[in-house]
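Colleague: Sending over a structure as structure tokens; questions will come in a sec.
The values are calculated or read from the model by the stated rules, or taken from the named source; none is laboratory data. Here the structure is a predicted model, which means the values were calculated and not measured. Cβ placement follows ideal geometry from the backbone for every residue including glycine, while neighbour counts extend to all protein chains displayed. These accessible areas exclude ligands, DNA and RNA; they are computed on the full protein's heavy atoms, side chains included. Shrake-Rupley method; radii C 1.70, N 1.55, O 1.52, S 1.80 Å.
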Amino acid sequence: MKPHTVVIASDHAGFALKEALKADIAALGFAIDDVGTHSEQSVDYPDFADAAAEKMKTKNDALGVLICGSGIGISIAANRHKHLRAALCHDGLSASLSRRHNDANVLCIGARLTGIDVAKDALKQFLTTEFEGGRHQKRVEKLG
């Protein structure tokens with residue numbers, strides 16, 4: 001089943017990319033739930049990973065997009081939450097594989113490392129790719 005909502009969040013380093021990606025999310029037919037940050041003023045990325053995780057607890061059909069400078073910190077913070085499977089992706093192929101093989105439900109992007117066109121491709125692949133199940137299902141179940 002296609003999710004209806006994308007929960008999106010970033011820290012200050014990812015703010016501009018987050019804002020740029022929202023139009024692409026809407027164009028793909030998803031509702032957007034932006035849990036911050038809402039400016040380039042310095043903030044702590046774990047707070048926004050936590051806010052997205054909390055929101056995704058109540059929206060079982062949602063996917064998430066989290067952005068920080070490198071994508072590393074926010075992906076670590078997101079993966080502390082048992083109901084999230086956050087994948088740091090660097091291009092469309094890694095984003096597609098994260099959905100097909102790992103049933104990732106959160107895309108993480110590093111705004112300082114990923115160009116806008118590559119980020120948009122990764123986003124599109126992530127949001128339009130379904131989990132394959134099959135031989136991958138038992139592996140995903142072992143994740144927790």
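Colleague: How large is ³J(HN,Hα), in whole Hz, for each residue of segment 44-58 in order, when computed from phi with the Karplus curve 6.51 cos²θ - 1.76 cosθ + 1.60 and θ = phi - 60°, using x for Gly and Pro?
Modeller: 9, 4, x, 5, 7, 5, 5, 4, 5, 4, 4, 5, 6, 5, 9
Colleague: Running a GNM on the chain with Cα contacts under 10 Å, which residue among Gly134, Gly73, Gly115 ends up with the highest mean-square fluctuation?
Modeller: Judging by the Gaussian network model, the answer is Gly134.
Colleague: Kindly write out, for segment 86-94 in residue order, the coupling ³J(HN,Hα) from the Karplus curve 6.51 cos²θ - 1.76 cosθ + 1.60 (θ = phi - 60°), rounded to whole Hz, with x marking Gly and Pro.
Modeller: Taking θ as phi minus 60°, the curve returns 8, 10, 7, 10, 10, 6, x, 5, 5 Hz for segment 86-94.
Colleague: Given H placed on each backbone N at 1.01 Å, which residues far from Asp33 in sequence or on other chains put an amide H within less than 5 Å of it?
Modeller: Amide H to amide H, under 5 Å and 5 or more residues apart or across chains, Asp33 pairs with Val6, Val7, Ile8.
Colleague: From the square roots a ≥ b ≥ c of the eigenvalues of the alpha-carbon gyration tensor of segment 41-88, which class results: rounded (a/c under 1.5), prolate (a/b over b/c), or oblate?
Modeller: Cα axes put segment 41-88 in the prolate bin.
Colleague: Obtain the nm distance between the two label points defined at Ala23 and Lys59 by a simple spin-label model: each point lies 7 Å from its Cα along the Cα-to-C-beta direction.
Modeller: Modelled inter-label distance: 2.1 nm.
Colleague: Just the accessible area per residue of the chain, please: how many Å² with a 1.4 Å probe?
Modeller: With all protein chains present, the chain gives 49 Å² per residue.
Colleague: Compute the distance in nm between two label points, each set 7 Å from the Cα along the Cα-to-Cβ direction, one at Ser42 and one at Arg80.
Modeller: A separation of 2.0 nm, rounded to one decimal place.
Colleague: How much accessible surface does His83 have with a 1.4 Å probe, in Å² rounded to 10?
Modeller: Rounded to the nearest 10, the figure is 60 Å².
Colleague: Then there is this: Once you sort the root eigenvalues of the Cα gyration tensor of segment 33-137 as a ≥ b ≥ c, which label holds: rounded (a/c under 1.5), prolate (a/b larger than b/c) or oblate (the other case)?
Modeller: Because a/c hits 1.5 or more and a/b fails to exceed b/c, segment 33-137 counts as oblate.
Colleague: Could you give the length gained on full extension between Phe131 and Ile116, defined as 0.36 nm per residue of separation minus the Cα-Cα distance, in nm?
Modeller: Separation in residues times 0.36 nm, less the Cα-Cα distance, equals 2.9 nm.
Colleague: Helix-derived [θ] at 222 nm for the chain: sum -39500 (n - 2.57) over DSSP H runs of at least 4, divide by residue count, nearest 500?
Modeller: One gets -12500 deg cm²/dmol as the mean residue ellipticity at 222 nm.
Colleague: Another one. Please go through segment 46-128 and write out the trypsin sites (Lys or Arg not before Pro) that DSSP classes as loop and that have at most 13 other C-beta atoms within 10 Å.
Modeller: Loop-located and lightly packed - Arg80, Lys82, Arg112.
Colleague: What is the distance, in nm, between label points placed 7 Å from the Cα along the Cα-to-Cβ direction at Ile72 and at His4?
Modeller: 3.9
Colleague: Could you run the Karplus curve 6.51 cos²θ - 1.76 cosθ + 1.60 with θ = phi - 60° over segment 27-41 and give me ³J(HN,Hα) per residue in whole Hz, x for Gly and Pro?
Modeller: Values, residue by residue: 5, 7, x, 9, 6, 10, 10, 8, 9, x, 6, 10, 6, 8, 5 Hz.
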